[in-house]
1. Restrict the check to the stretch 51-61 and report whether at least one residue is touching a residue at least 60 places away in the same chain (Cβ under 8 Å), within 30 Å of Lys5 (Cα to Cα), in a helix (DSSP H, G or I) and touching a Gly at 6+ places or on another chain (Cβ under 8 Å).
2. Just to be sure I understand, how many residues within the stretch 123-139 are on the phi < 0 side of the Ramachandran plot and either surrounded by 19 or more Cβ atoms within 10 Å (Cβ to Cβ) or among the small types (Gly, Ala, Ser) (or both)?
3. Which residues, counting only those in the stretch 181-194, are outside any loop (DSSP other than H, G, I, E, B) and surrounded by 15 or more Cβ atoms within 10 Å (Cβ to Cβ)?
4. Filter the stretch 66-122 for residues that are part of a helix (DSSP H, G or I) and among the aromatic types (Phe, Trp, Tyr); which is surrounded by the fewest Cβ atoms within 10 Å (Cβ to Cβ)?
5. Considering only residues that are free of Cβ contacts under 8 Å to residues at least 40 places away in the same chain and part of a loop (DSSP other than H, G, I, E, B), which ones fall in the stretch 2-30?
6. Looking at the stretch 145-173, which of its residues are surrounded by 18 or more Cβ atoms within 10 Å (Cβ to Cβ) and either hydroxyl-bearing (Ser, Thr, Tyr) or within 19 Å of Val52 (Cα to Cα) (or both)?
7. Taking the criterion of being touching a Leu at 6+ places or on another chain (Cβ under 7 Å) and without any contact (Cβ under 8 Å) to a residue 40 or more places away in the chain, would at least one residue in the stretch 164-186 satisfy it?
8. On the basis of being among the small types (Gly, Ala, Ser), over 28 Å from Ser176 (Cα atoms) and at pLDDT 95 or above, does Gly135 make the cut?
Amino acid sequence: MNNLKLQILFSLFISLLVGMNLLGGKITTLFGVSVSVGIFMTPLTFLITDIVEEVYGKKVVRNFIIGGVISLMVIFLYTTLFIYLKPHSRYTFNNEYQIIFKSSLRMIIASIVAFLLAQTHDMFAFEWLKKKTKGKALWLRNNISTIISQLIDTSVFMMISFYHLTPKFTLHFIISLIVPYYLFKVLFALADTPFVYLGVKWLKSKNKLLK
């Protein structure tokens, strides 16, 4: 990638993926519904790949996906290593460290699988819709591809992360978690439509500093 704007988007894309996995364990409340703080980051990854695919096509987005999978695998390997690495005697927070990051391991595996399936679907769906609309109605392909992909992402991630984690996490209970979480993602997807147009315009524009 010799285009600086593209490099900026790729860096932001990877940062969001790493952030979701390292920070997403915290649960907050959004309009009375408990959600992971990662919900503020996940929709942006689909926004970025849709912007990139609109301008540069499927091949460049595939590189983004490959880079994302590699980054998540590296995070998983280092997280596993650091959890079990013997701490120095003056490091007194090893138990807390393990509590926080051990729970991340299963989530990272879930994230890798969900990310790969959802982003691959988004990539192909976006391209297919672009052909069907003859390059028109960006808002339509952006929303349709993202909304379906978000369902894949949410369902796969929740099932791998939490199914039978404790007796409470039955299939029925996980579905009850998926529904409101997914609906929030749909709202975010609809709300980001203007930013898709702005992002495409920015990526296409010529600038002496960022070209």
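1. Yes, the stretch 51-61 contains at least one residue that is touching a residue at least 60 places away in the same chain (Cβ under 8 Å), within 30 Å of Lys5 (Cα to Cα), in a helix (DSSP H, G or I) and touching a Gly at 6+ places or on another chain (Cβ under 8 Å).
2. Counting residues in the stretch 123-139 that are on the phi < 0 side of the Ramachandran plot and either surrounded by 19 or more Cβ atoms within 10 Å (Cβ to Cβ) or among the small types (Gly, Ala, Ser) (or both) gives 5.
3. Selection gives Tyr181, Tyr182, Phe184, Lys185, Val186, Phe188, Ala189, Thr193.
4. Out of the qualifying residues, it is Tyr84.
5. Asn2, Lys26, listed by residue number.
6. Listed by number, the residues that qualify are Ser145, Thr146, Ser149, Gln150, Thr154, Ser155, Ser161.
7. yes
8. Spelling it out, it is not the case that Gly135 is among the small types (Gly, Ala, Ser), over 28 Å from Ser176 (Cα atoms) and at pLDDT 95 or above.
The values are calculated or read from the model by the stated rules, or taken from the named source; none is laboratory data. Everything quoted here is computed from the prediction, not taken from an experiment. With ideal geometry, Cβ positions are generated from the backbone for all residues, glycine too; neighbour counts draw on all protein chains shown.
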